[in-house]
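What follows is a short report on a single structure.
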Amino acid sequence: MGNNMATHNEYKSLLFFIRKFKVIEPDPPQDLEEAFSKFTGGESHMSVEQLHRFMVEHQGEEHYTLSDSEKVFEKVLQERKTCQETVQADHNREHEITLDELFRFLLHNDFNAPLKAQVHHDMGAPLSHYFIYTGHNSYLTGNQLSSDCSEEPIIKALKRGVRVIELDLWPTCYKDDIKVDHGWTFTSPASVEKCLECINEYGFVASQYPVIITIEDHLTTDLRAKFTEMVTRIFGEVLYYPGEECLIEFPSPESLKNRVIISTKPPRERFESNQIKDNSISPLLNESESPEEESFGDASPNSSRNEVETEDTNGSDRDEGSISASEYDQKPYLECSPDYKRIITIHNRKLKGCLKEKLRTEGEVRRLSWSENTLEKASESHGADILRFTQKNILRVYPSAMRVKSTNFKPHIGWMYGAQMVAFNMQGHGKSLWLMQGMFRANGGCGYVKKPQILMQKHQCGNEFDPARIQSVKKKTLKVKVYMGHGWSSDFTPTYFDKFSPPDFFTKIRVIGMPGDVAKKKTKVMMDNWFPVWNEEFEFSLSVPELALLLIQVKDKDQGRDDFAGQTCLPVSELKHGFRSVPLYNRKGEKFKSVKLLMRFQFE
């Protein structure tokens, strides 16, 4: 390898001078040379059996077999045959590989990825025991005010493994049909039928585990019946619902494989009143007719000033359906659109009263929807109650109404308190979305990640786990070594980063997780090099590695703002040991064709 791969880049400089820069692909790192020598006994070639030992003992691949090693050798032999310099290779070495060949193998993402590609978490627990890959306003193509509504963003999200799709359902102008739209904005509507059909077609392309459709319901009684007919016709047996049964515990992802479930508030219901003449029943209000629930502006004047506000003010994403705790137990009310209510599996239901009462866990399981601001305020005084609630029930957290450009909040604000549905604008981009994508690369990318045990433990009052407090538990040390970068010269033009010279790459590494685990490091800058070699190691001390994410960015150093050159985010608890090829992604989370880092991960 090494100098045999040398080429030259030419750049124009001032006064029309031409500057030449040698481009040399890097040699195997010294750590790999030492490991190679250890497993070959100092020989220059590695056998199938030695590769097997290397993968099991050094790389920590417990289930790696001799058959897997033989497949690697087949791949190496294919590459030999395509290389002119090795056509005359010694045939006696056909069942052995060199250090350079092992190095090239380790740079393949497909064979040497940093994460497991298979589902490996226990999928038999209730839905409330999992973080779920959740979209917000899944039908929007851009910003929250004026972009188009379409089924295309839904298809894109499902292909990426998103498991929760949100639809806002509104009557059309003549109230004779249903549209998907972002209410009180200038967005153009989409067809609800097309949205449902694309969920049916693409829902299980990336994952077999259940697709949850969260509905923001602004429909009339007749249109709810029409929607029920549409849903049952399109999904058929794929649609799961418990019928008239009251769920005391949610079903598991495993039991709901290849099923679609609906989550929304039950239809508006009213109690019988003794003041109604002739014992007649008062007209039933639709949600869209409720001034308290659907209007812009301040909360109801009857709400307590001492109570944390649990509704946003944009007329969207509200925690619908407010009833008192006593009413919730007695249920002496009359039903509206019973067929519609029957297809709802996860009921979005808020109890009246103080915040502690709203978070009570007795009785039927349910879902709450809070804005990011509501969760932040509530967690300051009721963190233990929120954790207790999310052990059995589901909490959905959505972006603030002020994020009109479809930006996102830091998802850990929800995950630390066990919120299962941290809803994100998937059409946006930025660090927060990278963290979301990183979290759900765990567990084979199936869209469901089992919550760590620390969030599920039952604690005595006064001894609860507090996510906001730096933990005084025994910590683990994660060692991360960044060897080199590779692939930019293939994916970018010579002048993409700098007009007059090759790029000056450096790597930034951050740990995002519990407050005491947050840290950041960066490598030195490698000047004028398309194949940067850093060979730098960093250590991170972690109290809750199960909630920690490793955010990796590569940048090109500039006098002004540094140029973006790639990113990835990896769940720390899922990292494989040893030398790993780490693929990088663009700002939108799309994988580069060739760009990668060679890194090493170790836990102590």
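Given the Cα-Cα distance of residue 113 and residue 491 and 0.36 nm per residue of separation, how much length would full extension add, in nm?
134.1 nm
If you count only protein heavy atoms and use a 1.4 Å probe, how large is the accessible surface of residue 525, to the nearest 10 Å²?
Counting only protein heavy atoms, the figure is 50 Å².
To the nearest 0.05, how large is the calculated FRET efficiency for residue 141 and residue 258 if R₀ is 22 Å and r is the Cβ-Cβ distance?
It comes out at approximately 0.20.
Taking K and R as +1 and D and E as -1, what net charge do the other residues with C-beta under 12 Å from the C-beta of residue 151 add up to?
Result for the neighbourhood of residue 151: -3.
Give me the accessible area of residue 187, 1.4 Å probe, in Å² rounded to the nearest 10.
Answer for residue 187: close to 10 Å² accessible.
Give the peptides 410-421, 38-49 in descending order of average Cβ contacts within 10 Å, highest first.
My ranking of the peptides, most packed first, is 410-421, 38-49.
Find how many whole Å separate the alpha carbon centroid of the range 207-268 from the alpha carbon centroid of the range 518-593.
Going from one Cα centre to the other spans 40 Å.
How many Å² of accessible area per residue for the range 476-603, probe 1.4 Å?
I get 38 Å² per residue for this part.
Report, in debye and to the nearest 20, how large the dipole of the range 106-178 comes out about its Cα centre when Lys and Arg carry +1 and Asp and Glu carry -1 on their Cβ.
Roughly 340 debye, rounded to the nearest 20.
With a 1.4 Å probe and all protein chains kept in place, how much accessible area does residue 356 have, in Å² rounded to the nearest 10?
My reading of the accessible area for residue 356 is about 110 Å².
Take peptides 397-403, 172-178 and line them up by average Cβ neighbours within 10 Å, highest first, as a rough protection proxy.
Packing proxy ranking, top to bottom: 397-403, 172-178.
Residues of the range 551-587 with the amide nitrogen closer than 14 Å to a label point 7 Å from the Cα of residue 63, along Cα-to-Cβ, please.
none
Would you mind checking the pairs 226/431; 156/499; 476/522; 392/476; 38/81 and listing those with alpha carbons more than 31 angstrom apart?
226/431; 156/499
With r defined as the distance between the Cβ atoms of residue 468 and residue 148 and R0 fixed at 41 Å, what FRET efficiency is calculated, to the nearest 0.05?
Plugging the Cβ-Cβ distance into 1/(1 + (r/R0)^6) gives 0.55.
Run the quick spin-label model on residue 245 and residue 541: label points 7 Å from Cα toward the beta carbon, then report their separation in nm to one decimal.
Computed distance between label sites residue 245 and residue 541 equals 5.0 nm.
If you stretched the chain out fully between residue 174 and residue 237, how much longer would it get, using 0.36 nm times the residue separation minus the C-alpha to C-alpha distance?
19.5 nm
For the range 355-392 and the range 17-83, what is the centre-to-centre distance using only Cα atoms, to the nearest Å?
Here the two parts' Cα centres lie 51 Å apart.
First measure r as the distance between the Cβ atoms of residue 508 and residue 477, then evaluate 1/(1 + (r/R0)^6) with R0 = 25 Å and state the FRET efficiency to the nearest 0.05.
0.80
Carbon and sulfur: what percent of the range 483-549's accessible surface (1.4 Å probe)?
That fraction is 51 percent.
So what are the ³J(HN,Hα) numbers for the range 129-146, from phi and the Karplus equation (6.51, -1.76, 1.60; θ = phi - 60°), rounded to whole Hz, Gly and Pro as x?
Here the 3J(HN,Hα) series is 8, 10, 7, 10, 5, 10, x, 10, 6, 4, 8, 7, 8, x, 6, 7, 10, 9 Hz.
The values are calculated or read from the model by the stated rules, or taken from the named source; none is laboratory data. Nothing here was measured: the structure is a model prediction, and the numbers come from that model. Note: ideal-geometry Cβ built from the backbone for every residue, glycine included; neighbour counts use all protein chains shown. Protein only, heavy atoms only, side chains kept; ligands, DNA and RNA dropped before computing areas. Shrake-Rupley method; radii C 1.70, N 1.55, O 1.52, S 1.80 Å.
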